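A short write-up of the structure that comes next.
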C-alpha cells in the first residue's frame, strides 16, 4: 500500500468525510454533521476557520483524516477535533501514521501539546485504546458530561 498525505481540502472531501465517519459505526448522525460542517467551514474560510486537516491517501483513495487546530487563548496547545479512518482501512496502522503527520504540522505551528476527547462509554474502548497506544495520557474525566453514565475523557499528547 502506498500511503501519502495532503493538507489541502478539496470539495470532494465533504462527501468522503461523511462516508468515512458513517463507516466507523461510532458516531451519531449529529456528530457526522459536525464533521461535515468543519470541512465546509475550512473550504469557505480557509485557515481563518481555525480548522486544519491532514488526509491520508492509500493508493490514491482517501482512507483517513485528522482535523486539528490551535486552542484560542493558549500559547501552544492544539485540539485534535477528529481522527477518522474508514472502516475498510482500520487495523493497518494508518491512524498512527496520520497522527505522526498531524504532529509534524502542529509542531511547525509552534504547538507543544495535542488534546483529544472521547466518550467514556464501553462502545468507545477501541478509541480509548488507540489514544493510549499512541502515547496519550488521560488528563481528565468529566462525569456524566454527554449524558448520565457517559463521561467525557480528555487525553493529552505532549510533543517533544
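If a residue must be under 14 Å from the mean Cα position of the chain (by Cα) and either in contact (Cβ under 8 Å) with a residue 24 or more places away in the chain or farther than 21 Å from residue 70 by Cα (or both), how many such residues does segment 92-108 contain?
Within segment 92-108, residues that are under 14 Å from the mean Cα position of the chain (by Cα) and either in contact (Cβ under 8 Å) with a residue 24 or more places away in the chain or farther than 21 Å from residue 70 by Cα (or both) number 11.
Among the residues of segment 59-68, write down those that are buried (at least 16 other Cβ atoms within 10 Å of the Cβ) and more than 11 Å from the chain's Cα centre (by Cα). Give the derivation first.
Looking only at segment 59-68, we keep the residues that are buried (at least 16 other Cβ atoms within 10 Å of the Cβ), and these are 62-68.
Correct list: 62, 63.
Going by the conditions given, is residue 135 crowded, with 19+ Cβ neighbours inside 10 Å, closer than 29 Å to residue 47 by Cα and without any contact (Cβ under 8 Å) to a residue 40 or more places away in the chain? Don't jump to the end; show me each part of the working.
Details: crowded, with 19+ Cβ neighbours inside 10 Å: no; closer than 29 Å to residue 47 by Cα: yes; without any contact (Cβ under 8 Å) to a residue 40 or more places away in the chain: yes.
Criteria not met by residue 135.
Please specify each residue of segment 28-55 satisfying the condition of being crowded, with 17+ Cβ neighbours inside 10 Å and part of a loop (DSSP other than H, G, I, E, B).
51
Quick check on this structure: which one of 155, 124, 89, 115 is within 22 Å of residue 16 (Cβ to Cβ), in contact (Cβ under 8 Å) with a residue 24 or more places away in the chain and in contact with a strand residue (DSSP E or B) (Cβ under 6 Å, 6 or more places away or on another chain)?
Numbers: 155 fails: within 22 Å of residue 16 (Cβ to Cβ); 124 fails: within 22 Å of residue 16 (Cβ to Cβ); 115 fails: within 22 Å of residue 16 (Cβ to Cβ).
On inspection, the qualifying residue turns out to be 89.
Looking at (1) in contact with a strand residue (DSSP E or B) (Cβ under 9 Å, 6 or more places away or on another chain); (2) more than 17 Å from residue 7 (Cα to Cα); (3) surrounded by 18 or more Cβ atoms within 10 Å (Cβ to Cβ), can you tell me which one residue 71 breaks?
The number of the failed condition is (3).
Could you tell me whether segment 67-86 includes any residue that is in contact (Cβ under 8 Å) with a residue 40 or more places away in the chain, part of a loop (DSSP other than H, G, I, E, B) and within 21 Å of residue 19 (Cα to Cα)?
The answer is yes, given that some residue of segment 67-86 is in contact (Cβ under 8 Å) with a residue 40 or more places away in the chain, part of a loop (DSSP other than H, G, I, E, B) and within 21 Å of residue 19 (Cα to Cα).
Taken together, the values in this text are just the output of simple stated rules run on the coordinates, not laboratory data. These figures come from a predicted structure and were not determined experimentally. FYI the Cβ positions are ideal-geometry reconstructions off the backbone, even for glycines, and counts take in every protein chain you see.
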